[in-house]
Amino acid sequence: MATLKEIAHAAQVSVATVSRVLNDDPTLSVKSQTRQKILEAAERLEYKVPSAKRQVGQRLTFAALYTHGQELEINDPYYLAMRYGIETQCEKLGITLVSCYDFKGDRPLVAADGLLVIGKPQPATQAVLEQQDLPLVYLDGVTNDPRFDCVSVDLAKISQKVIDFFISRGYLRIGFIGGRDDPEYADQREQAFVDYGRSKKVVQPQDVYYGDFSSQAGYQCAMKMLASSSDYPPALFVATDSIAIGVLRALHEHGIKVPEQLALISVNDIPTARFVYPALSTVRIHSETIGAQGVNLLMERLRDDRTIPLSVFVPSSLQLRDSTTSE
């Protein structure tokens, strides 16, 4: 299929002008001869207008495919905020949104102009998705496939930032409690924590624990850590605030003072983080922005016929509260 650049070259105009003419932009002021040249070039080069642009004023439909079940949003508001960002931005842009939870690629896709994939799909699911002839944006799951856009946070950088903070406070041994979607594969936080921590000589294999991403799993991991011996690490990086809430409960039950005996930093900065005791120091991730930017990327790709994929990393920030020392 011909590209906008090829049509622009044939008609001797800019790519932007070609895009606006072919999309019937009512705000464009262009000579009738120029418009005719563009349309003739498009027809000669057999340019096919994407289905989302076949009718002027057509309302787009996006499908949000969540790789997790909806119950996860109850345990982890991080995903709830991301969904809110998607829904709010679709409403602003006049886009119809269809949501599908626990998507494994084992059911027919709804009719849509573009796909938003939330979370990291399993390889079989990813193979099904990437066979679709539709624009696709990954949210919260960086893809190595150069054909697709993605919006995420640099989880590896977050792990390094937390380790550097603890080292700057004099901690020489740092533990980790995290979660895995697949027990066989460490997520980015855990892998980066282990690799970077070992390079800094502050991480030991016995100080790394994982379950799923629930508060209950955090509680169980912390209980296991504390039951193994009294020789627990004095600083702890926890993959999410939801897991950290369970960790705090286990520490309280064992009479361990936070942060005097054990300092703790988690990730996400969910609303509950500032109201638990002690208030959690956490890395704030703007998950609502991740959702909104995913919609924007998909909309822009359809509107401008962009073929070059983009990767957007939403920045994070460390919020220091009572679970770390103030010194």
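The values are calculated or read from the model by the stated rules, or taken from the named source; none is laboratory data. Computed from a prediction, not measured in an experiment: that's the story for all the values here. Backbone-built Cβ (ideal geometry, glycine too); neighbour counts: all protein chains shown. Surface areas here come from the heavy atoms of the whole protein model, side chains and all, with no ligands, DNA or RNA. Shrake-Rupley method; radii C 1.70, N 1.55, O 1.52, S 1.80 Å.
Do you know which residues across the range 89-114 are open to solvent by less than 50 Å² (accessible area, probe 1.4 Å), out of contact with any strand residue (DSSP E or B) (no Cβ under 7 Å at 6 or more places or on another chain) and within 14 Å of Phe62 (Cα to Cα)? Result: Gln89, Gly94. Can Val117 be described as crowded, with 17+ Cβ neighbours inside 10 Å, β-branched (Val, Ile, Thr) and assigned to a strand (DSSP E or B)? Spelling it out, Val117 is indeed crowded, with 17+ Cβ neighbours inside 10 Å, β-branched (Val, Ile, Thr) and assigned to a strand (DSSP E or B).
The set of residues in the range 191-226 that are farther than 18 Å from Ala263 by Cα, among the acidic types (Asp, Glu) and modelled with pLDDT of 95 or more contains only Asp195.
Keeping to the range 169-185, report how many residues are at pLDDT below 95 and either part of a helix (DSSP H, G or I) or crowded, with 19+ Cβ neighbours inside 10 Å (or both).
Adding up the residues that qualify gives 1.
Considering Val267, Val312, Val283, the condition of being within 27 Å of Leu97 (Cα to Cα), part of a strand (DSSP E or B) and among the β-branched types (Val, Ile, Thr) is satisfied by Val312 alone.
Against the list (1) within 30 Å of Ser242 (Cβ to Cβ); (2) at pLDDT 85 or above, the condition Thr96 fails is (1). Residues of the range 14-35 that are under 21 Å from Glu300 (Cβ atoms) and modelled with pLDDT of 80 or more: Ser14, Thr17.
Among the conditions (1) open to solvent by less than 10 Å² (accessible area, probe 1.4 Å); (2) under 13 Å from Val314 (Cβ atoms); (3) not polar (S, T, N, Q), Leu297 misses just one, which is (1). Residue-level analysis places Gln126 among those that are modelled with pLDDT under 95 and either over 18 Å from Met82 (Cβ atoms) or part of a helix (DSSP H, G or I) (or both). Here is the figure for the range 208-234: residues that are under 20 Å from Phe166 (Cβ atoms), surrounded by fewer than 21 Cβ atoms within 10 Å (Cβ to Cβ) and out of contact with any helix residue (DSSP H, G or I) (no Cβ under 7 Å at 6 or more places or on another chain) total 2.
Residues of the range 235-258 being in a helix (DSSP H, G or I), in contact with a helix residue (DSSP H, G or I) (Cβ under 6 Å, 6 or more places away or on another chain) and open to solvent by 10 Å² or more (accessible area, probe 1.4 Å), which ones? Passing the criteria: Ile245, Arg249.
Is it the case, given these coordinates, that Leu302 is assigned to a helix (DSSP H, G or I) and surrounded by 16 or more Cβ atoms within 10 Å (Cβ to Cβ)?
Spelling it out, Leu302 is indeed assigned to a helix (DSSP H, G or I) and surrounded by 16 or more Cβ atoms within 10 Å (Cβ to Cβ).
Taking the conditions (1) outside any helix (DSSP H, G or I); (2) open to solvent by less than 10 Å² (accessible area, probe 1.4 Å) in turn, Ile86 satisfies each one other than (1).
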